[in-house]
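One structure is given below, encoded as structure tokens.
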Amino acid sequence: MMIERNKGFANLAAGYLFPEVAKRRREYQAKHPDAKIISLGIGNTTEPLTPHIAKAMADYAKSLGTAKGYSGYGDEQGNAELRAKIAEVLYPKMAKADEVFISDGAKCDIARIQTLFGRNVKISVQDPAYPVYVDGSVVVGAAGASSKKGYKGVTYLPCTAENKFFPELEKIPADSIIYFCSPNNPTGACATKAQLKKLVDYANKNGCIIIFDAAYYAFIRDDKLPRTIYEIPGARKCAIEINSFSKLAGFTGVRLGWSVVPSDVKFADGTPVKQDWNRVMTTLFNGASNIAQAGGLAALDKEGQKETKALVDYYLENARLMEAALTGENFKKAGVKVYYTGDSPYLWVNFPGWKSWDIFDKILDECNVVTTPGSGFGPAGESYLRFSSFGHRKDVQEACKRLSKLVL
Ligand SMILES: *Cc1c(COP(=O)(O)O)cnc(C)c1O
């Protein structure tokens, strides 16, 4: 006898998007050693931590080396002061401190949420989407084997230019978990209050729970757009929000995130989801790093908020430079359409008549610029490329210069 392989892993199709991007870049560089390749393909932050936040973490780390400042395990749900600060700054009148749970990041919270709901739930996702919603569901067995139509048990909701990147909700089955990301990775689309109201109403009417990924909320500059799903009446009954300091404060490496689980979200038997989430966080998680949490507190005070706004503004300016380059005459003539809202780090760009990987190769070859093929995020992403504004300004400027000379 031997131990059977976990079917969840056997069912996972090869996750080839980012490894394939890296492979093509490597092979191109090997053939063209002098090429100065610039990446506009990454979803990783590039600019340093800001001074006030970095100092708070350094000071905290130093104090851990003293008898007075040392502390061991903290509360698994997070430092009470940080939970209160998040509730006060980001969810005034919308969520209470004891509904906020501090974690080591949004991706990790999404994985734990999948443990919470187990294998007997239906899954609905936007197409295209951030890969962990589906892949994590496959691992826990909530989604089955993959075929041309995608994974069994997953309802894909195409988000296209035709529907303004907001899905047809009627496709969502009753009693489904709905993963919804806004501002969206990869499309950059930002749902309006009216759109989210429709989503919340649909979820409440059909027994669904929304997992709302707001990791890019700090990029929203249009005051009319909702920055949290709890701005929508009724959301406290059906929505869990997942959030992160990663894109807000450059904490991709530091690791700090949070979830909001309102007391009003309930299972069919009346048990508050929060009760089981508290159990997941205390049983399977042991608290976020106390140094990272000190940084999180600093990020949310007055000085920290000023700094993180400037940090995000830097990336938004990169995005504007790219938008200008990609709407130049050469692109316009080829019918290229740039979807950019001004409220996200990503530009979603349609190249009519091209397959995503073909236009990826052409831009790598002729501009030495790496992008991300839209088809890698789901079938509705075919013929698109995602351009990321995470990068140093001079690299972005150089990439834009090269793109302006591209002949399509
Ligand atoms: C980057 C990103 C996250 C953040 O994940 P962390 O684990 O907090 O770094 C979450 N959701 C989406 C859609 C992202 O792009």
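Descriptive notes on the structure:
- Looking only at residues of segment 158-190 that are open to solvent by 40 Å² or more (accessible area, probe 1.4 Å) and on the phi > 0 side of the Ramachandran plot, we find that the one that is farthest from the ligand (Cβ to nearest atom) is ASP175.
- Residue list for segment 394-408, filter: out of contact with any Leu (no Cβ under 7 Å at 6 or more places or on another chain) and open to solvent by less than 10 Å² (accessible area, probe 1.4 Å): LEU406
- Test: GLY376 is open to solvent by 10 Å² or more (accessible area, probe 1.4 Å) and closer than 16 Å to GLY43 by Cβ: yes
- Qualifying residue in segment 107-118 (condition: in contact with a Phe, Trp or Tyr (Cβ under 9 Å, 6 or more places away or on another chain), in contact (Cβ under 8 Å) with a residue 40 or more places away in the chain and farther than 25 Å from ALA218 by Cβ): yes
- Matching entry among ARG279, ARG221, ARG255 (being among the basic types (Lys, Arg) and within 16 Å of the ligand (Cβ to nearest atom)): ARG255
- Looking across segment 352-408 at every residue that is assigned to a strand (DSSP E or B) and more than 24 Å from LYS149 (Cα to Cα), the one that is farthest from the chain's Cα centre (by Cα) is identified as VAL369.
- In segment 223-340, counting only helices (runs of 4 or more DSSP H) that sit wholly within it, none holds 3 or more residues that are open to solvent by less than 30 Å² (accessible area, probe 1.4 Å) and without any contact (Cβ under 8 Å) to a residue 12 or more places away in the chain.
- Restricting attention to segment 198-207, the residues that are within 28 Å of PHE245 (Cβ to Cβ) and either surrounded by fewer than 24 Cβ atoms within 10 Å (Cβ to Cβ) or in contact with a Lys or Arg (Cβ under 9 Å, 6 or more places away or on another chain) (or both) add up to 2.
- No other residue among GLY353, GLY342, GLY378 is on the phi > 0 side of the Ramachandran plot and touching a strand residue (DSSP E or B) at 6+ places or on another chain (Cβ under 6 Å) apart from GLY378.
- Members of segment 92-109 that are near the ligand (Cβ under 8 Å from one of its atoms) and not small (Gly, Ala, Ser): ASP104, LYS107, CYS108, ASP109
- Selection within segment 110-127 - within 11 Å of the ligand (Cβ to nearest atom) and more than 25 Å from ARG255 (Cα to Cα): GLN126
The values are calculated or read from the model by the stated rules, or taken from the named source; none is laboratory data. Bear in mind that the values here come from a model prediction, so they are computed numbers and not experimental data. We place every Cβ from the backbone using ideal geometry, glycine too, and count neighbours over all the protein chains shown. The protein model used for the area step is the full one, side chains on, heavy atoms only, and it has no ligands, DNA or RNA in it. Shrake-Rupley method; radii C 1.70, N 1.55, O 1.52, S 1.80 Å.
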